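*Asks:* Quick one: this structure, given as C-alpha cells, is what I'll be asking you about.
The values are calculated or read from the model by the stated rules, or taken from the named source; none is laboratory data. Just so it is clear, the model here is predicted, and its values are computed rather than measured. Using ideal geometry, Cβ is built from the backbone for each residue, glycine included, and neighbour counts are taken over all protein chains shown. Surface accessibility is based on the protein's heavy atoms, side chains included, excluding ligands, DNA and RNA. Shrake-Rupley method; radii C 1.70, N 1.55, O 1.52, S 1.80 Å.
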Amino acid sequence: MAKRRRQRDRKQHEHHEGSRGLSTPYRTVIGEGRQLAEMWEGNWKRLNERQRLIHEYYARPEIQRAMFTYASGRKISVLRTFRPLYNRIETPEDILYIALYHAEQKGMWPSLHGMISRHIEESNQHVCDFVVEVDKMNWRACFEATLPYIELLRDFGIYARIKFSGHVSAHVMIPGETFSSPADTGNLRKQFSAIATERELLMNYVQKIVKRSDKLDRYFLRSSHFLRLAYSMNERTGLVSVPIEMEKFEKFSWRDAEARRVQVLEEWWKPTPEDAQDRMREFVAFISRNYHILQKAEATEQREKAKQCAVLEAKKRGRGDKLAREGRESPVAVRHATHPLVHAEDYQQMLSTAQEEKAWCEVFLACDGLSESLSQLQGAGSVTSLQDLATRHGGSLNELWRAWHWLHHLPALVHYSQSEVQRHIFQTSQRRRLRLWSEEGQFQLQRPEDVYLLAVFHHKLLGTHEYPAFLMSVARYEPDTRFPSGYDLMIDVDGHGQETVAAEVAAELGKALSSQNLEFIAYHAGMPHIYFWIQTPQVDEMQVERNEIPNMESAEMSQRYATITDGIHESMRHTRFPQVHWRVLKSDEFVPMPHSLNAYTGVACHLIEGMPFNLSQTMGKPTSSRSCNASVLGNNAAS
C-alpha cells in the first residue's frame, strides 16, 4: 500500500509540475518570458539547436505581426491544453515571450492555439470561422482527400483561407464574416446556434465529397473549439502551421513548413470582400439542393449493396462447404470473387447516361456566346458570379456548372474519342477486368467505342482537377467467368514525386530483370510512377473448367513467383535504392492502364522504348502519340 501511495504521489507531483505554467496570469508569463529572452540572448552559445531555432523563429518581427493579426479577437491556449488561458494577445512582441515561457515543456515545441470564434472590435460583432480538416493519415493522403472540397470552393469563388497544420493535414477556413450575421442577442451560445444548421449542412456535404469522410474532424462545428494559430509551430513536429495559397495547394510540400524556410504570405488574413456573403448564399443554396439529391442516391446505393452482399454471402457459404469437403482452399480466388462484375444492364445504363450527357452538353453549349463566356471563366482561374452568367443565358446554376464541367474535361474526352486510343485500350483489356478510377465497379470492355462513352460517364463523377482514367486488373480472366485464370507480375516504381528518381530506379530494375532473361513491358503512368509488366506464360497453361475455382496458389505458380521476386530483391539489394521505391503488386490489385490518362495529371500513360537506357527521354510526355507499339502490348496482354 505504501508503495502504491508513493507512486500516486509521484504522478500527482509530475502532473502538477507539467501543468504549473498553464494557470499563470498573463502579465506574469510575459515578465518571465522577457527574462528568458534576455538570458537566452546572453548565453547564445550555450543553447542547444532546438532552443536557437525557437528563439530565431518567434523573434522575427514579421512572424509576430502575422500571428498577432490572425489571433486578434481570439481567446488563446498553448500546447494541447484546449481551454482558454489568455483572453487575448496584447502586443505582437508578447508572442516571443509566451513561446519561450512554454518552451520548457518536455518533448513539445511551443505552440499557440486560438478559438475559432472571435470578436471583431471594429463592428463589435462575434463570428465563428468554419474549419474543415481531414486528419489521421500521411500528409499526402490528407491533402488528396481534401482536394475535392478545395476545388468546389474555387469553382464558386468562395473566400477561404488554407494553412498547413504543421503535422499532416490542411486547415481550410471560411472566415465567419462570410456567413450572414445573426442578430446580436447578447448571448453568444444562442447567437451561434442561429447559424448552426447552415454550418452543419456544409459539414455534412463536405463529408460526402471528401475522399476519406471517416477522417473528417467534425469537432470544428463547436464554436469553442481551438485551432493552431497561423505561423505557430506544431507542438509535436516543430513544423510551422504555414498559410498556403489556394492556387498552389497541389504543389505544397511539408518541407515548405520548416521554420527557417517560412516566409510570411502578405495579406493572407485580410478583410473579406464585399460580395463574399452573396457568394456564400449562392454556395449554400447549391449545396442545399444537391445534398438532398446525394442522400437519395446514397440510400439507393446502400440498398443495392445490401442485396449484393446478401447474395455473395449465400454463395460464399455454399462454396466454402464445397471446398471443405474437397479438403482445399483458395483464398486468392475467393478474394477476387467478392468483387463481382457490373451487371450487363448497369453497363448499358452507364453508356446510355453518357450519351445523354454528351447530347445535353452539346445542345446547351450551342447557345450564343455561352461557350466563350465559360471558356473565359475557365481561363481566368476563378469564378466571379456563376449566378449572373446563368441568368444572362437563361439557365440555372446547376446547368451552368454542368456545362462548365464538360468544357473543363473536354480535352481529356477528345483523347478518348480517338479511334487509335480506343483500339489500343480495347486490345489491352482482353481477358482482364477494368475499373474506372474512383469507382469500385468492375467490368469487361465490350467494344472499342465504349471507351469514349465510359470516359464521358466517368467525367460526371470527378472533381475539377481530376481526369477520366481507366484501371486494369493484374489478374486475367477467362471469358464469362468470375474467377481469375492467372496473373502476370506487375512492379510499381514510385519516384515519390520526382521524375529523375523514378527514372534511376527503373533503370536499375530493368537491368535486374534483363539479368534474369525476363521479357517485360515498361510504361510511364503519367506521373512519377513506372510500371513493369512481366509476362508469366506458365500461368497460361492452367486450364480450368467453367465456374470452378482455379488453384492460383499452386506449387508451380508459387515457385515461379518466388524465383522472379527473389532474383529482383537480390539484384536491387546491391543498388542505392531501397524497396520503398518499388514493390511487386498483388494479384487482386488494379493498375493504371496504358494509353489511359492519369487521374491526377491528365498525362497519357505511354510505353517506354529502349529500356532501360532511354528511359529518361520519355518521362512525362502528355501526349497519346506514345501509344505506338500498342499492338505488341495488346497481343502480349491477351496471350
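*Asks:* For region 439-478, what log10 I(q)/I(0) values come out of the Debye formula at q = 0.18, 0.23, 0.27, 0.34 1/Å, with one point per alpha carbon and no solvent?
*Replies:* -0.59, -0.89, -1.09, -1.30
*Asks:* Counting only protein chains, not ligands or nucleic acids, how are 77, 514, 373 ordered by accessible area (probe 1.4 Å), most first?
*Replies:* 514, 373, 77
*Asks:* If you don't mind, there's one more thing I want to ask. Order 518-530, 418-430 from most to least packed using the mean count of other Cβ atoms within 10 Å.
*Replies:* Most protected by this proxy first, the peptides run 518-530, 418-430.
*Asks:* For the peptides 243-249, 266-272, what is the packing order when you average, over each peptide's residues, the other Cβ atoms within 10 Å and list the highest mean first?
*Replies:* Numbers: 243-249: 15.4, 266-272: 12.4.
Highest mean packing first, the order is 243-249, 266-272.
*Asks:* How would region 406-534 be classified by its alpha-carbon gyration tensor: rounded, prolate or oblate, with rounded meaning a/c under 1.5 and the a/b versus b/c comparison settling the rest?
*Replies:* Details: a/c = 2.16, a/b = 1.28, b/c = 1.68.
The shape class here is oblate.
*Asks:* In region 478-529, if every C-alpha pair distance is counted and binned at 10 Å from zero, what percent goes to each bin?
*Replies:* Histogramming region 478-529 at 10 Å steps yields 21, 40, 24, 14, 1 percent.
*Asks:* Next question. Between residue 349 and residue 285, what FRET efficiency follows from the Cβ-Cβ distance if R0 is 30 Å, with the result rounded to 0.05?
*Replies:* 0.50
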